[in-house]
Structure formats: structure tokens, C-alpha cells
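Chemist: One structure, pasted below without further comment.
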Amino acid sequence: MWGRKRPVDLVDTEEMDALFARLDRMNQAQFLAMRAAWRSTSRQAHEDAWASVRAIGARDGLTKEIDRVRDKALGWASRGTNVVPLVRGTTDITWLQVKGEAEEAIVDVALAVALGGRLDAQSRDVLMGPWERATEASD
């Protein structure tokens, strides 16, 4: 038992809880801004950042945990909300569509938060950038 490593849990952490609590408080305009910022980042930058994520997974034995983070973020983006009130004239379908369109950016920020200091600065900037631009006005 002395030589056993404790398994790493990237999903059930205070940092991830705080991220999803902040996501719960975002409005539609912020999600649309997040999606737009994500789309404005070059495809190559996204591919390079994801290559870093995969390399960390392989190096540190975190591939399954990275998949869990991704699944949690996608699950969050695909369900309705009971925290943010809907804007007059919208429906749950509209709200889910807005969140769904931002799901790639949501996955990216969740991975950046989950991997923390394991991630190089450039990859972290690519993954966190859309989130930071969408939320900076509200902070």
C-alpha cells in the first residue's frame, strides 16, 4: 500500500464547483460572446492546445479524468437551468441552444480549470480566452 498512488480526481474539486457555479450565473449574451470568441481563435491554436491536453493525459495517466471533465462540461451544456431566469420571450429550447452553441468553449474552460498548472501558459490562454473575454465585463 505504501507505493500506491492516490487516483487524481479532476472533476470533483472546489475549482470545478466554482466554475460550474459561475456558468450557472452566466446570461445568454455572455454565452454568445463566449461562442464568438471561441470561433475567432484559429483552428491551429485549438488543435495545439488540445494536443497539449492529450499529452498531459498520456504523461500523467489522466486520460480518463480528462474524458470525465469533458463529459461533465458537455452534460452541463446540454441540460436546462434552474438558476438563471429566462429572459422574457425566450424558452428552454432557446436557452439550451445558446448553451449548446457554446459547448466547445465550455469544454475548453473546464479542461483549463481542471488541469490548472499542468497546462502550459499558451494552451491555457487558448482554452481560457473565450471565457475570460465573455465574463470580464461582469466581474
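Readers should treat all values here as calculations from the given coordinates under stated rules, not as data from a laboratory. What you are looking at is a predicted structure, and each value in this text was computed from that prediction instead of being measured. All Cβ positions, even for glycine, are placed from backbone atoms using ideal geometry, and neighbour counts span all protein chains on display.
Chemist: Can you tell me how much longer the chain between R43 and E132 gets when fully stretched, taken as 0.36 nm per residue apart minus their C-alpha distance, in nm with one decimal?
Modeler: That pair, R43 and E132, stretches by 30.2 nm at full extension.
Chemist: At a 10 angstrom cut-off on C-beta neighbours, averaged per residue, how do the peptides 28-36, 47-55 rank from highest to lowest?
Modeler: Packing order, densest peptide first, comes out as 28-36, 47-55.
Chemist: Given the peptides 9-20, 63-74, arrange them by the average over their residues of other C-beta atoms within 10 Å, most packed first.
Modeler: 63-74, 9-20
Chemist: Follow-up question, since we're still on this one. Rounded to the nearest 0.05, what FRET efficiency do E14 and R79 have when you use their Cβ-Cβ distance and R0 = 22 Å?
Modeler: The pair E14/R79 has a calculated efficiency of 0.50.
Chemist: Starting from the exponent 0.38 and prefactor 2.2 Å, build the expected Rg for the stretch 14-138 from its residue count and divide its actual Cα Rg by it.
Modeler: 1.04
Chemist: Taking the Cβ of E104 as the center, what net charge do the other residues with Cβ under 13 Å away carry, scoring Lys and Arg +1 and Asp and Glu -1?
Modeler: +1
Chemist: What relative contact order, as a whole-number percentage, does the stretch 14-138 give when Cα pairs under 8 Å and 6 or more residues apart are counted?
Modeler: It comes to 45 percent, rounded to a whole number.
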